[in-house]
Amino acid sequence: MTSLASGTPIASKLDMQHRLFAELSAMFGREVPLYDKSLLVNRACNATVCALLGRIHPGFRASDAEIDRASGERHGAIRIGRADEYRWVCRLFACFAMEPHDFYDMTAVGAKSQPMIATAFRSVVDPEHRVFASLLMTDYFEAGMRGRIEAALAGRTIFGERARQLIERSERNGGLAWSEASELISECTSRIFKWTGEAHDHALYRDLVDGGFKIAADIACFDSLHLNHLTPNTLCMDLYTAAMKRCLGEVDRGWFESRACAVLGRLAHRLWADSRGDWMLLHFKQLSTADIAALSRAQIDGPEIAGLARALADELDGDKFSLEGIVHAGSKGLTEGPSEDTPVFLRQDAYRALTEPVAFRESDGSVVHATHTARFGEIEERFYACTPAGRRLYDACLLRADEIRERDPELPKQDPAQYEAAYAAAFLPFPKSVPELVAAGLCHARFRATDAGIAARDAGVELPCDAMELVRRGFAALEGLRYEDFLPVSAAGIFASNLQQYGTRSTASVKPAYSRALIEEILGKSVVEPALVYAGIEAETRLETLDRLGVLARIDAGERTEYERRVAALRAVLASCGIKAG
Ligand code: OOG
Ligand code: NI
């Protein structure tokens with residue numbers, strides 16, 4: 001452990017990150033009671049999935065701490081008003097080992113456009129939490145409105161003196177002592193990201209909302225970077241969304257039980273067929289391949305599944321889950337992302353934005369009591385990272401899936417089974433298992449030599465030099481890389497869909513164009529290209545595996561050069577973030 005000049009140990013930035021997110025989650029739970037309830041619902045659903053796993057793998061038991069970890073928050077979203085604030089946010093997250101990843105231009109997504117550009121802060125090599133941080137582009141607006149927004153933002157101070165001092169100290173010393181880290185976390189939860197229920201300039205607020213710019217209103221008239229949402233992780237999206245519908249009073253108990261039975265039955269079937277344990281490896285980071293290979297397997301029958309569904313329904317009927325007295329706008333009822341059977345990128349769902357009271361302080365000293373609708377509750381389930389070819393195929397499938405929704409917007413409600421089948425049909429071109437996805441060049445994986453492979457090499461067996469052939473014959477193994485970023489394109493859709501409002505159009509005389517270079521200039525830092533990281537990890541582990549199995553010298557020279565180029569690109573990214581390779 002490294003220490004400061006005083007000899008005090010430096011806090012691990014990753015540990016600080018876990019603490020920050022635990023405390024943000026506690027803060028958000030106090031601010032938004034429905035979020036707190038949704039965490040309970042999610043935990044109950046994840047515990048049910050773990051119980052199912054325990055039946056299928058009789059040796060498997062998840063401890064309370066493991067269920068907590070699997071159920072925790074995975075991302076948050078904040079919206080920022082000024083470029084200087086954006087740079088401070090970047091410097092703040094760097095104290096928690098979170099670097100900007102990817103450039104999202106929300107102004108250029110057709111009808112879903114918003115006056116925002118964005119990046120996501122997360123750690124490069126050990127991502128657990130992430131924050132989607134967008135910046136309002138005031139030059140998207142005509143001069144008059146632009147001036148009003150900038151004036152409303154000019155007076156605010158998001159980062160106080162102490163927060164800035166701590167960030168600078170962390171930069172100077174390479175980290176903070178725990179006492180300082182705790183202070184910085186408390187700056188985050190008591191000021192920077194705290195919801196105050198106070199705003200200013202109600203006239204501007206109304207004009208922005210009436211003009212369709214609800215997101216700009218959520219930024220320009222407030223004095224903190226309040227969290228828009230925090231998104232926990234589910235082990236089974238369809239079970240969670242059914243449970244939330246039940247708790248929000250949208251469906252009756254009979255509907256819930258039959259849906260839970262169907263969903264758990266489908267999952268049981270998948271887990272049963274998954275002899276390599278890919279699903280468990282993806283959903284439980286703490287489990288190793290050896291742990292999973294050691295698990296025994298048992299059949300589970302219909303009545304047992306019905307029993308699990310009934311027990312969950314009983315639990316959700318308890319007082320703890322009662323939403324009585326909590327105002328809400330219902331669930332969105334549409335899951336974004338790939339179909340249920342296609343394990344790429346991530347799936348997300350949400351409950352709709354809540355209408356909350358806000359007091360507007362006016363310049364003449366008066367107070368206007370009004371409401372604000374922006375904060376919503378999301379949930380996510382993460383799958384595998386796509387290659388560029390996988391991404392193109394995803395985009396093409398999504399286009400077809402969107403057509404199904406547009407053709408008949410009522411279908412998901414009227415005939416969920418038919419809608420699900422049609423949505424899944426749109427994603428048929430995707431194979432559904434990790435080895436097939438990797439073999440088709442659609443998803444990334446990490447490779448390793450197996451004991452059998454090493455024994456064969458030692459025995460002088462002539463091994464093939466194709467990595468997938470080595471996997472097929474058991475000399476190597478692969479593990480899909482989890483996707484750690486945001487849903488392509490649909491981030492903009494997420495802004496819109498939770499507000500029940502579609503996109504915006506620039507009112508500037510010439511719509512400005514925004515670029516990665518611009519966001520890097522604002523941040524004072526280069527933005528990590530996640531595609532290089534996924535491809536680099538895959539290339540590095542492919543080369544290592546082939547080398548360990550003694551076949552590296554036999555692979556095609558062009559292929560080898562390409563993998564080495566990808567490894568060099570990964571190293572360059574890591575070096576630019578101050579991370580040592582290896
Ligand atoms: C951010 C929207 C993006 C996601 O999950 O894609 C996002 C926002 O609404 O501010 O959080
Ligand atoms: Ni989100």
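Bear in mind these aren't lab numbers, they're just calculated from the coordinates by the rules spelled out. The structure displayed is predicted, hence computed values, not measured ones. Quick reminder, even Gly has a Cβ in these numbers, built from the backbone with ideal geometry, and neighbours come from all protein chains shown.
For this structure, a couple of remarks:
- Here the chain is treated as a sphere whose radius is the Kirkwood value from Cα pairs; by Stokes-Einstein at 4 °C and 1.567 mPa s it diffuses with a coefficient of 51 µm²/s.
- For the stretch 64-115, the fraction of C-alpha pairs more than 19 angstrom apart is 51%.
- When the stretch 153-246 is reduced to its Cα atoms, the Kirkwood hydrodynamic radius in Å: 16.4 Å
- Classification of the stretch 308-394 by its C-alpha gyration tensor yields an oblate form. The axis ratio a/c (a ≥ b ≥ c) is 1.5 or more, and b/c is at least a/b.
- Measuring between their Cα centroids, the stretch 1-46 and the stretch 224-253 lie 20 Å from each other.
- The stretch 1-86 - convex hull of alpha carbons, volume per residue in Å³: 170 Å³
- If only the Cβ of Lys and Arg carry +1 and only the Cβ of Asp and Glu carry -1, the dipole of the chain around its Cα centre is close to 540 debye.
- Loop-resident sites, the stretch 109-157, for GluC sites (Glu not before Pro), counting at most 11 other Cβ within 10 Å (DSSP): none
- Cβ crowding within 10 Å averaged over residues, with 566-579, 216-229 ranked highest first: 216-229, 566-579
- Beta bridges by DSSP in the chain, antiparallel share as percent, to the nearest 5: 75 percent
- Built from the Cα atoms of the stretch 105-194, the convex hull projects on average onto 8.5 nm², one quarter of its surface area.
- When each of Lys37/Lys194; Lys332/Lys413; Lys194/Lys285; Lys320/Lys413; Lys37/Lys112; Lys37/Lys332 is checked by Cα-Cα distance, pairs over 21 Å: Lys194/Lys285; Lys320/Lys413; Lys37/Lys112
- Take 317-323, 2-8, 303-309, 231-237 and order them by the average number of nearby Cβ atoms within 10 Å per residue, most first; the result is 231-237, 303-309, 317-323, 2-8.
- Reciprocal of mean inverse Cα separation for the stretch 362-493 (Kirkwood radius, Å): 19.0 Å
- Placing +1 on the Cβ of every Lys and Arg and -1 on the Cβ of every Asp and Glu, with nothing else charged, gives the stretch 296-393 a dipole about its Cα centre of roughly 520 debye.
- Fraction of alpha-carbon pairs over 18 Å apart in the stretch 357-434 - percent: 65 percent
- Over the stretch 386-430, volume per residue of the alpha carbon convex hull, in Å³: 58 Å³
- Distance from the Cα centroid of the stretch 119-144 to that of the stretch 164-183 is 23 Å (rounded to whole angstrom).
- Adding -39500 (n - 2.57) for every DSSP H run of four residues or longer, then dividing by how many residues the chain holds, sets the calculated 222 nm ellipticity at -15000 deg cm²/dmol.
- Convex hull volume per residue, computed on the Cα atoms of the stretch 364-407, equals 211 Å³.
- Alpha carbon centroid spacing (whole Å) that separates the stretch 359-432 from the stretch 263-287: 25 Å
- Alpha carbon Rg of the stretch 200-342, scaled by the compact-globule rule 2.2 N^0.38 Å: 1.44
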